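A short reminder: the numbers here are calculations on the coordinates, not readings from a lab. In this text, all values refer to a predicted model and were calculated from it rather than measured experimentally. Neighbour counts are summed over all protein chains in view; Cβ atoms, including those assigned to glycine, are modelled from backbone coordinates with ideal geometry.
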Amino acid sequence: MITAVGVVVPARDEQDLIEPCLRALRRALWRLPARVERAVCVVADRCADDTAARARAVFGGWATGRVVVTGRPRKIGEVRDLGVHAVRTELAGHAASEVLLLNTDADTQVGSGWAREHLRRVERGAHAVTGPAELAGPFPGSPHAARRYHAVVSGGVNVYGANLGVRADAFDTIGGFGVCRTGEDHDLWRRLGEAGFRCRVEPAA
C-alpha cells in the first residue's frame, strides 16, 4: 500500500506559470486518501526571475512544500533527482515500497484526479505509470514545452516527464534519473522496463 506521495516540479524562469501549476497540484493532492502523507518540491533551476519566491508564497500555508534553488549548471536528470531527494527527506518515515514519486513540470496544470489516478494504478500493481499531461484549453506552458509535448504525442511515445509516477523502490533500484541532459523521462522509462518493472502507459493518467 502506498502511504506517501512526493511530487517534483522542476522550474526555470517560470514565474508566471508556477503559481497556477502549484494551485492545480494542490487540488489534485487534496483528493488523495487522508492516510497518504504528501510532500512537494519545486526545484528552481538557476532562475533569474521570481519563480522561487512565488513558489514559496504558494507554499506559505503548506507545511510539506519545499523550494530548492540551484546555483550551478545541472542537467535535467540531476535537477529532478534533487527534487526527489528533497521529498524523500520529508517522507523519511515511509518504506521505499510505500512511496510514490510523481513528476510534473512548472508549465503544466494537472487535472484534479491526477494524483489519485496514479495512486490507484500503482496500488493495482504497476511500478511506474506515465501518459500525456492533462492540459486545460490551449497549451498553458512555454513555446518550448508546447513543441516538446506535441512531438511526444504525435510520435506515439507517451512517456512524458510532466506526467510520470514511479514507486520509490523501483526508482532506487535503477539509480534514479541520473545525469541526463535531455530525455530523462524516456531514459528512466527504458531502464525500468529493462529491469523488469511493470510499466503502464495510460491515455489519461
- [ ] Can you pull the one-decimal nm distance between simple spin-label points at R124 and H85, each 7 Å off the Cα toward Cβ?
- [x] 3.6 nm
Task: Calculated Rg and Dmax of segment 6-131 using C-alpha coordinates, Å - done: 13.9, 42
